[in-house]
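The values are calculated or read from the model by the stated rules, or taken from the named source; none is laboratory data. If you're wondering where the values come from, they're calculated on a predicted model, not measured in any experiment. Counting neighbours? That spans all protein chains shown, and the Cβs are built from the backbone with ideal geometry, glycine included.
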Amino acid sequence: MKILVLNSGSSSIKFKFFDDKVVKASGLIEKIGEQTSKVVLKNTLNDQKFERDDAIKDHEHGLQVLNELFKESGILEDLKVLDGCGHRIVHGGKTLTKHCLIDDRVLNEIDRVSVFAPLHNPAHLAGIKTMIKAAPNVPNVAVFDTAFHQTMPDYAYMYALPYEFYDKDSIRRYGFHGTSHAYVSSKAANLLGKSSVNVISAHLGNGASVCAVENGKSVDTSMGFTPLEGLIMGTRCGDMDPAIIPFISKARGLSIEEIDSLMNKKSGVYGICGYNDFRDIESRVEKGEDRARLAFDMFCYRLVKYIGAYLAVLPGTDGIIFTGGIGENSALVRQKVCERLSHLGIELDLNLNSQRISTERIVSTVNSKIKVCIIPTDEEFEIARVTEELVNKG
Ligand code: ADP
């Protein structure tokens with residue numbers, strides 16, 4: 001089946017094209033609305049690149065140019081011949097609890113729940129509408145970052161605010177990175193040779209979250225109402241005492257919007273040491289820079305706390321998964337985190353852990369009570385898989 005996966009942002013669209021589950025092309029429409037906008041399509045089989053520097057007016061124009069590049073590359077004769085298009089949607093709110101084929105009702109609902117993801121959902125909608133215009137007969141599928149976490153029990157997803165804030169305002173923990181946690185936890189089942197697993201999945205990228213997976217289902221996760229909660233991230237603070245917000249508002253005279261931006265864009269490891277890329281942080285730790293050491297230690301310690309909490313929550317844990325840019329590539333983060341957990345019977349094989357291989361693998365010793373796995377995430381593949389499944393069901 002020919003499946004296109006779109007991840008539409010406000011000024012960019014990332015895409016991957018799958019033909020019978022094999023990636024044939026990937027690329028980006030970037031800086032939409034700017035003079036310097038660009039469309040790049042890469043033939044993933046031979047690395048040949050096709051580019052256009054047209055000033056892309058809007059999402060619709062972007063997709064037209066992409067269609068031309070698809071034709072020029074000979075990879076796809078027209079978007080109209082696709083069997084389906086999968087759209088990554090950040091937020092499904094309380095109502096869109098499962099991935100689904102998109103119809104008018106779903107479109108309206110994605111629009112309605114935009115209040116929960118004001119930066120993302122409107123851009124996703126623009127992507128979907130553009131696709132409908134370009135290829136009206138191709139089925140579109142919505143794949144929600146929040147859907148995998150819909151199996152969390154109520155006592156895990158509720159906040160202890162007055163109940164009406166859940167009832168009337170839909171304030172609850174939703175969780176994110178669901179597509180990634182779903183993908184890597186199902187891969188872990190294969191890797192560990194089990195039909196169903198209990199795992200703790202740590203997706204560590206610029207955004208980072210941990211998920212407790214019981215029998216293949218999410219039962220808790222560290223991100224909450226928004227992706228701000230939980231782990232310390234590149235530029236997000238994660239958990240902190242909520243009373244700090246009114247305090248700094250008064251002490252510094254900052255508005256709610258300014259504090260929101262401060263917590264999302266200027267905090268995290270960046271707020272502590274001035275760098276949000278772990279490669280920079282690690283090289284500075286090596287040089288003995290204390291702020292980098294502090295940021296690194298804080299990041300790992302928060303992760304250890306969450307893994308510890310989920311070890312307590314799960315009725316037994318088969319494995320811990322590291323994924324995302326940091327989880328897959330930083331041997332040092334994995335080592336520091338697992339060292340702290342060694343009293344629980346987690347034993348990393350330092351040799352396996354330091355090997356630079358990009359395939360999924362177990363990096364704990366044979367004696368380790370809980371296996372430690374590195375599983376490269378592939379959210380687009382998972383979106384394409386779900387899209388295929390729902391299109392086939394009809
Ligand atoms: P996103 O959350 O934007 O999808 P990724 O999952 O691609 O991000 O993760 C990006 C981050 O991964 C980088 O900012 C960097 O901190 C980290 N990273 C990438 N490669 C390495 C590496 N070799 N060593 C340590 N960290 C790395």
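Take THR387 and decide whether it is within 30 Å of SER26 (Cβ to Cβ), hydroxyl-bearing (Ser, Thr, Tyr) and outside any helix (DSSP H, G or I).
Values: within 30 Å of SER26 (Cβ to Cβ): yes; hydroxyl-bearing (Ser, Thr, Tyr): yes; outside any helix (DSSP H, G or I): no.
When the stated conditions are applied, THR387 does not pass them.
Looking at region 358-374, which of the residues that are β-branched (Val, Ile, Thr) and out of contact with any Asp or Glu (no Cβ under 8 Å at 6 or more places or on another chain) is nearest to ILE320 (Cα to Cα)? Walk me through how you get there before you give the answer.
Of the residues in region 358-374, the ones β-branched (Val, Ile, Thr) are 359, 362-363, 365-366, 370, 372, 374.
Then drop every residue that is not out of contact with any Asp or Glu (no Cβ under 8 Å at 6 or more places or on another chain), which leaves 359, 362, 366, 372.
Numbers: THR359: 16, ILE362: 10, VAL366: 14, VAL372: 5 Å.
Result: VAL372.
For region 269-284, name all the residues that are over 20 Å from ALA202 (Cβ atoms), part of a helix (DSSP H, G or I) and within 13 Å of the ligand (Cβ to nearest atom).
Selection gives CYS273, ASP280, SER283, ARG284.
Results for (1) away from the ligand (no atom under 11 Å from the Cβ); (2) closer than 19 Å to VAL213 by Cα; (3) of a type outside the set (A, V, I, L, M); (4) surrounded by 20 or more Cβ atoms within 10 Å (Cβ to Cβ), shown as yes or no for each residue.
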{"position": "THR317", "(1), (2), (3), (4)": "yes, yes, yes, yes"}
{"position": "ILE321", "(1), (2), (3), (4)": "yes, yes, no, yes"}
{"position": "ALA331", "(1), (2), (3), (4)": "no, no, no, no"}
{"position": "GLN335", "(1), (2), (3), (4)": "yes, no, yes, no"}
{"position": "ASP349", "(1), (2), (3), (4)": "yes, no, yes, no"}
{"position": "LEU352", "(1), (2), (3), (4)": "yes, no, no, no"}
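Do we have ASN367 as away from the ligand (no atom under 11 Å from the Cβ) and in a helix (DSSP H, G or I) here?
Values: away from the ligand (no atom under 11 Å from the Cβ): yes; in a helix (DSSP H, G or I): no.
So ASN367 fails the test.
Regarding region 262-275, can at least one residue be identified that is within 15 Å of ASN329 (Cβ to Cβ) and hydroxyl-bearing (Ser, Thr, Tyr)?
Initially, region 262-275 is screened for residues within 15 Å of ASN329 (Cβ to Cβ), giving none.
No, region 262-275 has no match at all.
Could you list, ordered by first residue, the pairs with Cβ atoms under 9 Å in which the first is in region 287-314 and crowded, with 18+ Cβ neighbours inside 10 Å and the second is among the aromatic types (Phe, Trp, Tyr) and not in a helix (DSSP H, G or I), at least 6 apart or interchain?
ALA292/TYR275; ALA295/TYR275
Working carefully through the options TYR183, TYR166, find the one that is more than 24 Å from GLY324 (Cα to Cα), assigned to a helix (DSSP H, G or I) and of a type outside the set (Asp, Glu). Step through it out loud before you land on a result.
Details: TYR183 fails: more than 24 Å from GLY324 (Cα to Cα).
After ruling out the rest, the residue left standing is TYR166.
Inside region 41-157, counting only helices (runs of 4 or more DSSP H) that do not spill past its ends, which hold 3 or more residues that are closer than 30 Å to LEU314 by Cα and of a type in the set (A, V, I, L, M)?
Details: elements: 59-73, 104-112, 121-134, 154-157.
Because the criterion is at least 3 residues that are closer than 30 Å to LEU314 by Cα and of a type in the set (A, V, I, L, M), no helices (runs of 4 or more DSSP H) in region 41-157 meet it.
For region 231-254, indicate whether the set of residues that are crowded, with 21+ Cβ neighbours inside 10 Å, among the small types (Gly, Ala, Ser) and free of Cβ contacts under 8 Å to residues at least 40 places away in the same chain is non-empty.
The answer is no, given that none of the residues of region 231-254 is crowded, with 21+ Cβ neighbours inside 10 Å, among the small types (Gly, Ala, Ser) and free of Cβ contacts under 8 Å to residues at least 40 places away in the same chain.
Of these, VAL23, VAL113, VAL81, which one is at pLDDT 95 or above, farther than 17 Å from ALA134 by Cα and β-branched (Val, Ile, Thr)? Spell out how you get there, then give the answer.
Working: VAL113 fails: at pLDDT 95 or above; VAL81 fails: farther than 17 Å from ALA134 by Cα.
Of VAL23, VAL113, VAL81, the one residue that is at pLDDT 95 or above, farther than 17 Å from ALA134 by Cα and β-branched (Val, Ile, Thr) is VAL23.
Mind listing whichever residues of region 250-305 are polar (S, T, N, Q) and either under 22 Å from the mean Cα position of the chain (by Cα) or on the phi > 0 side of the Ramachandran plot (or both)? Write out each step before concluding.
First, pick out the residues of region 250-305 that are polar (S, T, N, Q): 255, 261, 264, 267, 276, 283.
Within region 250-305, SER261, ASN264, SER267, ASN276 meet the criteria.
Which of the residues belonging to region 192-212 are free of Cβ contacts under 8 Å to residues at least 40 places away in the same chain and either surrounded by fewer than 24 Cβ atoms within 10 Å (Cβ to Cβ) or away from the ligand (no atom under 16 Å from the Cβ) (or both)?
Step one: list which residues in region 192-212 are free of Cβ contacts under 8 Å to residues at least 40 places away in the same chain, which gives 193, 195-196, 207, 209.
Passing the criteria: GLY193, SER195, SER196, GLY207.
Quick one: count up the residues across region 201-259 that are farther than 28 Å from VAL333 by Cβ and in a helix (DSSP H, G or I).
Final tally of qualifying residues: 12.
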